[in-house]
Structures are given as C-alpha cells and as structure tokens.
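Input: a single structure, listed below in structure tokens.
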Amino acid sequence: MSRIVYVNGEYLAEEEARISVFDRGFLMADGVYEVTSVLEGKLIDFAAHMVRLRRSLAELDMASPADDAELEAIHRALMARNGVDEGMIYMQVTRGAADRDFAYPENATPSLVMFTQAKPLRDTKAARDGIKVVTVEDIRWGRRDIKTVQLLAPSMCKMAARAEGADDAWMVEDGMVTEGTSNNAYIVTADGALVTRDLSHRILHGITRAAVLRFAAEAQIRVEERAFSVEEALGAREAFATAASSFVCPVVEIDGVVLGDGTPGPMARRLREIYIEESLKAAR
Ligand code: PDD
C-alpha cells in the first residue's frame with residue numbers, strides 16, 4: 001500500500017514525491033537526519049531528537065527548514081495519515097539544490113523530507129533471542145557525532161557482518177569498539193558495571209543511549225563511560241546495543257564467542273523493560 005510522505009511543504013503519495021537531481025543530499029550526502037520511534041501512537045523522546053537535529057545543522061552551517069513545533073506537527077500528521085501506531089518516522093534535511101560545487105552554496109533552500117515506516121518495535125525476534133555481532137574495522141569519517149546521511153561505510157560494515165552470518169557489526173578503531181552500524185554498543189563487566197563508549201566525535205550521541213544511562217543510574221547500576229576493547233567485550237558477562245529503532249537490543253554472541261548462556265542477559269532485559277515503560281510515560 002502506498003504511503004503518504006512529506007516533501008517540502010506537501011503531503012504526497014510516495015510515487016508522486018520528487019527531489020531535484022541537484023539536491024546536495026543526493027550529490028554530496030550533504031544532509032542530516034533523525035529517526036524517531038513511535039509506540040502506542042506516541043513519539044518517543046521527540047524533544048531530544050530535535051535538540052540533536054539542531055546541533056547537526058549547526059555543525060554543518062545548514063539552514064533549518066522549519067521550527068520544532070512545525071516539525072512535530074508534520075510528524076503527527078504523517079502518523080495520522082498513514083495510521084502508524086508502532087514504527088519509525090524518518091526526517092531528513094539537506095542543504096537543498098544548487099549547481100554542483102564543493103563549496104556550500106550561499107542561498108540554497110534546505111529540503112525537508114519525512115516518511116513513516118510501520119513495523120513492530122516492541123515484540124521482535126532480536127529482542128527475544130538477542131543478536132550476533134562481529135567486529136570489523138571502523139572505516140567511517142571523523143565526525144560521527146553529526147548525524148549525516150553519509151551511511152555507505154556503516155552499510156558496508158553491516159554487509160560484511162551479514163556475509164559472516166552475523167546480524168550486525170560492532171566497529172573497531174585502534175582496538176577499541178566505537179559503536180554498532182546504527183546503534184550504540186554496551187558491555188557488562190564480570191563485576192556488574194555497565195560500560196559504553198564516552199561521547200566524542202568518534203560516535204553518534206545516541207538519544208536512546210542518554211535515556212538508558214539515566215535509567216541505569218536511577219536503578220543504581222554502576223555506569224562507566226569509556227572505551228572498551230574487543231578482548232574485553234569477548235570476556236563480558238553480557239552485551240547489548242541501543243537505538244531508536246531497536247530500543248535496548250541484547251547481543252548474545254561477539255565474533256563467534258557466546259556470552260553467558262547465549263540468551264539475552266538480565267541487565268539488557270531489565271533496561272529494555274524500564275526504557276519502554278518510562279519512555280512511554282514521558283511520551284505524547
Ligand atoms: N541510527 N550510532 C549510530 C551510528 C546510529 O546510526 C544510531 C541511530 C545510533 C543510536 O542513536 P539513537 O539512540 O539516537 O537512535 C548510534 C538510526 C536509528 C538509523 O540510522 O536508523
């Protein structure tokens with residue numbers, strides 16, 4: 001069934017939606033995006049996604065196509081028009097159309113595209129059984145904190161993982177895990193500390209990460225924001241990943257090494273439950 005999508009001020013059937021061939025998102029990956037999850041017809045952590053969008057735009061000197069209230073209204077209109085009560089809303093802002101040039105154009109009008117992706121988020125096989133990851137070299141650029149649409153490197157990493165029979169890749173730089181291809185990575189040490197990479201230009205500052213670390217602290221879990229090596233991950237008691245698209249997703253195997261008894265660990269299960277419950281309470 002055809003969706004209604006949003007493109008630069010218009011709600012259109014997806015087959016009718018058009019973007020210029022000169023759009024810099026298309027030519028130079030000169031664009032940023034956000035993915036917000038929808039549960040029970042509510043937007044999860046919407047305000048935090050807007051804050052990150054503003055930061056991504058500012059880092060790239062890109063104009064904003066609309067204020068937060070307008071962006072929220074479009075999210076809600078798309079949910080309603082497409083009858084989505086569980087899934088994701090994808091929002092992309094690009095610098096707009098201009099003659100191809102490495103310098104930013106001076107007065108391009110930013111393009112705004114949004115669409116829905118209905119899909120189960122709460123009851124998934126990945127959440128029930130956990131996923132297998134393999135480690136691969138992180139071949140991405142140096143500003144992973146900006147959420148750009150330049151996603152070919154993580155896409156290649158994901159395909160490398162698939163080729164090895166795994167579900168996802170954990171990317172590694174200088175022997176240390178940065179993050180998953182589209183999620184932040186965590187391990188639980190033998191003495192029960194929750195470890196995830198500290199914030200820098202090397203990883204995306206996950207919205208789900210921020211919420212989960214807050215909930216973990218409230219649950220008296222000891223949190224260590226620091227780099228961890230592949231070797232430390234292989235010896236971890238448990239592991240998981242977080243993203244708007246998967247919440248808290250248990251990892252049960254890394255590079256063929258089974259963690260614990262090979263089923264989702266207790267901390268991953270507990271934090272997933274808390275995350276969903278608390279996020280729903282706070283969502284509108
Ligand atoms: N990806 N790290 C990377 C590289 C990501 O692409 C994402 C999200 C995350 C988690 O961020 P958040 O918790 O804000 O979703 C971490 C989205 C879901 C995507 O590209 O589909």
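The values are calculated or read from the model by the stated rules, or taken from the named source; none is laboratory data. Quick caveat, the model's predicted, so the values are computed rather than measured. Backbone-built Cβ (ideal geometry, glycine too); neighbour counts: all protein chains shown. Remember, those area values only see protein heavy atoms, side chains included, never the ligands or the DNA or RNA. Shrake-Rupley method; radii C 1.70, N 1.55, O 1.52, S 1.80 Å.
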- Note on the structure: The size of the Cβ-based charge dipole (Lys, Arg +1; Asp, Glu -1) of the chain about the Cα centre, to the nearest 20 debye, is 400
- Spelling it out for Glu238: with amide H atoms placed in the peptide plane at 1.01 Å from N, the residues 5 or more places away or on another chain with amide H under 5 Å from its amide H are Val188
- Query: In percent, what relative contact order does the stretch 77-226 have, based on Cα pairs under 8 Å that are 6 or more apart in sequence?
  - Reply: 17
- Query: By per-residue mean of other Cβ atoms within 10 Å, what is the highest-first order of 235-244, 21-30?
  - Reply: 235-244, 21-30
- Message: Keeping all protein chains in the complex and leaving out DNA, RNA and ligands, what accessible area do you get for Glu14 with a 1.4 Å probe, in Å² to the nearest 10?
- Response: 70
- Query: If you take the charge dipole of the chain about its Cα centre, with +1 on Lys and Arg Cβ and -1 on Asp and Glu Cβ, which of Gln92, Leu121, Asn8 is farthest toward its positive end?
  - Reply: Leu121
- Query: How much accessible surface area, in Å² rounded to 10, belongs to the heavy atoms of Arg226 with a 1.4 Å probe?
  - Reply: 70
- Along the dipole axis of the chain (charges at Cβ: +1 for Lys and Arg, -1 for Asp and Glu; origin at the Cα centre), the most positive-end residue among Phe102, Leu271, Gly192 is Leu271
- Would you mind calculating the relative contact order of the chain from Cα pairs under 8 angstrom and at least 6 residues apart, reporting the percent as a whole number? 19
- Task: Taking only protein heavy atoms into account and a 1.4 Å probe, give the accessible area per residue of the chain in Å².
- Result: 47
- Scoring only Lys, Arg, Asp and Glu (+1, +1, -1, -1) among other residues with Cβ under 11 Å from the Cβ of Glu173 yields 0
- Let me know the charge dipole size of the stretch 125-240 about its Cα centre in debye, to the nearest 20, where only the beta-carbon of Lys, Arg (+1) and Asp, Glu (-1) is charged. 460
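Can you send over the carbon and sulfur percentage of the accessible area for the chain, probe radius 1.4 Å, protein chains only? Don't skip to the answer; put the middle values down first.
Working: 6890 of 13350 Å².
Within the chain, the accessible surface is 52 percent carbon and sulfur.
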- Query: Whose amide H sits under 5 Å from the amide H of Ala118, counting only residues 5 or more places off or on another chain, with H placed in the peptide plane?
  - Reply: Met88
- Task: Apply the Karplus parameterisation 6.51 cos²θ - 1.76 cosθ + 1.60, with θ equal to phi minus 60°, to every residue of the stretch 248-261 and state each ³J(HN,Hα) to the nearest whole Hz, in sequence, with x for glycine and proline.
- Result: 10, 10, x, 10, 10, 8, 10, 6, x, 8, 7, 8, x, 9
- Note on the structure: For Val258, the accessible surface traced by a 1.4 Å probe with all protein chains present amounts, in square angstrom to the nearest 10, to 80
- Message: Can you show me the helix-derived [θ] at 222 nm for the chain, built from DSSP H runs with n ≥ 4 at -39,500 (n - 2.57) apiece and divided by the number of residues, rounded to the nearest 500.
- Response: -9000 deg cm²/dmol
- Item | Sparse-neighbour loop sites [chymotrypsin sites (Phe, Trp or Tyr not before Pro); the stretch 117-200; at most 12 other C-beta within 10 Å; DSSP] | Trp141
- Antiparallel %, DSSP beta bridges [both residues in the chain], to 5: 80
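Past 21 Å, Cα to Cα, is the threshold; run Lys125/Lys147; Lys147/Lys281; Lys42/Lys119 against it and keep the listed order.
Working: Lys125/Lys147 27 Å; Lys147/Lys281 27 Å; Lys42/Lys119 14 Å.
As for pairs spanning more than 21 Å Cα to Cα, those are Lys125/Lys147; Lys147/Lys281.
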- Note on the structure: Expected vector for the stretch 48-53, Karplus 3J(HN,Hα) from phi with 6.51, -1.76, 1.60 and θ = phi - 60°, integer Hz, x for Gly and Pro, equals 5, 5, 5, 4, 5, 4
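From the protein chains alone at 1.4 Å, what is the descending order of accessible area for Thr196, Thr135, largest first? Show your work: numbers first, answer last.
Values: Thr196 5, Thr135 35 Å².
Result of the area sort, largest leading: Thr135, Thr196.
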